[in-house]
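Nothing in this text is a laboratory measurement; each read-out follows from the coordinates by a stated rule. Just so you know, these numbers come straight off a predicted model, no measurement behind them. So basically every Cβ, Gly included, is an ideal-geometry build from the backbone, and we count neighbours across all protein chains shown.
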């Protein structure tokens, strides 16, 4: 049985911090880059499933230089914050609600 569990108040706060971006997201993307065979300078589309508040949009753009980024999340509260982050980017960012 698949059950959606909404983020806690603490989790929501923490996922919006600079610490989350620098110590978790950026480190994970550095690790991911090393695993990508035949690395390209740019990718047409990057999909961020569980994009949360959109704090990974900038690091994803910096690492993969997509022409378009798609962010998907199940929580409208997160997507509202992600819209703010998306508006800051020159790269096209499309957001969608994941149906639970």
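Descriptive notes on the structure:
- Among the helices (runs of 4 or more DSSP H) confined to the stretch 25-100, the ones with at least 1 residues that are closer than 19 Å to residue 5 by Cα and touching a helix residue (DSSP H, G or I) at 6+ places or on another chain (Cβ under 8 Å) are located at 76-87.
- Pick from the stretch 55-87, criterion buried (at least 19 other Cβ atoms within 10 Å of the Cβ) and touching a residue at least 40 places away in the same chain (Cβ under 8 Å), ranking: nearest to residue 29 (Cα to Cα): 55
- Those residues of the stretch 10-24 which are touching a residue at least 60 places away in the same chain (Cβ under 8 Å) and either loosely packed, with under 15 Cβ neighbours inside 10 Å or part of a helix (DSSP H, G or I) (or both), in sequence order: 12
- Among the conditions (1) within 21 Å of residue 67 (Cβ to Cβ); (2) within 12 Å of the chain's Cα centre (by Cα), residue 15 misses just one, which is (1).
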